[in-house]
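Notes follow the structure.
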Amino acid sequence: GSAASLSYLVSNRTALVPPPTVQHLPCNTRVWVDTTLANFSELRHYLDTCKYNGVGGKEDVNRIPVPPLKDRSGWHIFCVGHDEAHGNVGSYYDDDDDDD
């Protein structure tokens with residue numbers, strides 16, 4: 001992991017606490033561990049295949065540009081769209097009535 005990931009994990013913003021009761025644990029821990037590891041292995045294989053085929057690289061012509069990591073307003077617009085992020089003024093859902 002990165003230094004940022006490590007910093008987040010050891011910060012007071014992350015609560016690494018055990019489950020509140022045994023009911024919150026998987027019934028068969030060994031099966032859960034094996035399944036989880038298999039899922040991550042499958043994901044790693046998929047990502048390696050994507051990388052090998054050029055998907056996700058900086059030279060990919062189909063790459064979708066995303067805002068910088070800490071650009072909150074840019075991510076807001078990226079996720080919900082420009083009109084929705086700016087209040088959808090004048091649209092069907094615009095509520096400019098004074099019927100309070």
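The values are calculated or read from the model by the stated rules, or taken from the named source; none is laboratory data. Quick caveat: nothing in here was measured; it's all calculated off a predicted structure. Using ideal geometry, Cβ is built from the backbone for each residue, glycine included, and neighbour counts are taken over all protein chains shown. Each accessible area value is taken on the protein alone, full model and side chains, heavy atoms only, with ligands, DNA and RNA left out. Shrake-Rupley method; radii C 1.70, N 1.55, O 1.52, S 1.80 Å.
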Checklist entry - When residues of the range 18-51 are filtered for being of a type outside the set (S, T, N, Q), under 27 Å from ALA4 (Cα atoms) and either open to solvent by 70 Å² or more (accessible area, probe 1.4 Å) or touching a strand residue (DSSP E or B) at 6+ places or on another chain (Cβ under 6 Å) (or both), how many remain? => result 11
Checklist entry - Is it the case that some residue within the range 3-18 is farther than 30 Å from LYS70 by Cα and part of a loop (DSSP other than H, G, I, E, B)? => result yes
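If I filter the range 88-100 down to residues being closer than 27 Å to ILE64 by Cβ and exposed (fewer than 12 other Cβ atoms within 10 Å of the Cβ), which single residue comes out as modelled with the highest pLDDT? I'd like the intermediate steps shown before the answer.
So in the range 88-100, the residues closer than 27 Å to ILE64 by Cβ come out as 88-89, 91, 93.
Still in the list and also exposed (fewer than 12 other Cβ atoms within 10 Å of the Cβ): 89, 91, 93.
Details: VAL89: 61, SER91: 56, TYR93: 50.
Taking the candidates together, the pick is VAL89.
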Next on the checklist: With the structure loaded, tell me whether VAL66 is out of contact with any Pro (no Cβ under 7 Å at 6 or more places or on another chain), in a loop (DSSP other than H, G, I, E, B), open to solvent by less than 100 Å² (accessible area, probe 1.4 Å) and modelled with pLDDT of 85 or more or whether it fails that test.
Outcome noted: yes
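Can we say GLY56 is over 22 Å from the mean Cα position of the chain (by Cα), surrounded by 10 or more Cβ atoms within 10 Å (Cβ to Cβ) and modelled with pLDDT under 85? Steps first, answer last, please.
Details: over 22 Å from the mean Cα position of the chain (by Cα): no; surrounded by 10 or more Cβ atoms within 10 Å (Cβ to Cβ): yes; modelled with pLDDT under 85: yes.
No: the conditions fail for GLY56.
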